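Here the structure is laid out as structure tokens; the discussion comes afterwards.
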């Protein structure tokens, strides 16, 4: 597959469609994260936002997510540089840091399946937040996501 020419544009020059296309659909940004107050270390849990479909890793109400989920962060060209908790493989983070996308990214591979084969996606590996008490999130920390 040919690399889209717009991938070379600065983030602020991307259209909203191009910006959305950068998302690889892994679902890791929708996992609850815990931050150590002393060290600042962020760890991911397998506990997903209530709107994230655990089988597909897609948001069930993407267009209304911010009004339905308090604290839902919309990733934008203006805030991406400060979102230190984004996974190292996140296309938004990679582009903000001036790095290239991984070969498994759907914009390069032509398939969403490559995200799953690379072990990046969360589908089938997570539970919904309505299945666990917030004070038990520590029991669900995962090591397969590196921030």
Practice prompt. Take peptides 133-139, 96-102 and line them up by average Cβ neighbours within 10 Å, highest first, as a rough protection proxy.
Written response: 96-102, 133-139
Fill in: Zone residues, segment 115-131, relative to residue 144, backbone N less than 17 Å from point 7 Å out along Cα-to-Cβ
115-129
Worksheet item: Shape of segment 45-120 from its Cα gyration tensor (a ≥ b ≥ c, root eigenvalues): rounded if a/c is under 1.5, otherwise prolate when a/b > b/c, or oblate?
Response: oblate
Worksheet, complete the sentence: Residue-normalised 222 nm signal for the chain, counting each DSSP H run of n ≥ 4 as -39,500 (n - 2.57), nearest 500 deg cm²/dmol, is -3500 deg cm²/dmol
Worksheet item: How much length is gained on full extension from residue 74 to residue 113, taking 0.36 nm per residue of separation minus their Cα-Cα distance?
Response: 11.6 nm
Response to the item:
Footprinting proxy, 75, 127: sorted fewest to most Cβ within 10 Å, the residues are 127, 75
Discussion item. Please report the antiparallel percentage of DSSP beta bridges with both residues in segment 5-142, rounded to the nearest 5.
Written reply: 80
Discussion item. Using a Gaussian network model on the chain with a 10 Å cutoff between Cα atoms, which of 105, 81, 32 fluctuates the most?
Written reply: 81
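Throughout, read-outs are computed from the coordinates displayed, never taken from laboratory work. Model, not experiment: these values are computed from the prediction. Here the Cβ is made from the backbone with ideal geometry for all residues, glycine too, and neighbour counts use every protein chain on show.
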